[in-house]
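Here's the structure, in structure tokens; my notes come after.
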Amino acid sequence: MLELVISAGNATRLEQLARDENVPLTLRQTVQESTQGLMTESSPAVSGDAKRVRVPRGVLTEIAQFGRSIQDSSLSLDGLLQGSHVYIAPPPKYERPKELDESLARIARMQEEREYARMSQPANPYYMNPSRTPKQSYWSSEEERAAWRSTREQISVIVNIALSIGAVATATWWAAGNASPIWVGGPD
């Protein structure tokens, strides 16, 4: 149901209306019930004014109809709504279900038990982590000789290619006529 927070002046007007003997009893009771205990001076203030009250929309329309029947312009719907705004209830506070709390506690307990078991186990001296321990010679002497032979062949191929590139570059430079007489050993 839509509720409106009415201004302090309209709240005072509703209090007077609830005490007025000329107002029908049903309307007085409706006004008293709708304004009673909703927002009092001990309640948190709305917009800085402790006199504001929440009133259902239907009560205001009933008051406006009564005001129209007795031709009282101060009880018009326009006058009652002046300075009011729609009441928006605060969002409900989220409460975690008990099952979730229990399962989270169980998971935390299991994790602590596993961590304790891991920390309290003695270290295994025979465990070797291959990524952290230096490699020992697991090769036989024949495999080691073959590995050195292939390494020497690869190094000699790389050196031969480098020397060939140097020799071709020198020959090209010499053939282009860039050699000076000092290098050629010509006339002094």
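Using the Karplus relation 6.51 cos²θ - 1.76 cosθ + 1.60 with θ = phi - 60°, the per-residue 3J(HN,Hα) values for segment 158-166 come to 5, 5, 4, 5, 5, 5, 5, 4, x Hz, with x marking Gly and Pro. Compute the FRET efficiency between E153 and W174 as 1/(1 + (r/R0)^6), taking r as their Cβ-Cβ distance and R0 = 35 Å, and round to the nearest 0.05. Computed FRET efficiency for E153 and W174: 0.65. Relative protection proxy for 53-63, 23-33, from highest mean packing down: 53-63, 23-33 (other beta-carbon atoms within 10 angstrom). Beyond 16 Å, the tail of the calculated P(r) for segment 55-112 holds 64 percent of the Cα pairs. Return, ordered by residue number, the residues of segment 59-73 whose backbone nitrogen is under 11 Å from a label point located 7 Å along Cα→Cβ of N22. Zone members listed by number: 70-73.
Between A117 and H85, the modelled labels are 5.9 nm apart [label points 7 Å from Cα along Cα→Cβ].
All of the numbers you see were taken from the coordinates with simple rules; none came from a lab. Treat the numbers as computed from the prediction; the structure is a model and nothing was measured. Note: ideal-geometry Cβ built from the backbone for every residue, glycine included; neighbour counts use all protein chains shown.
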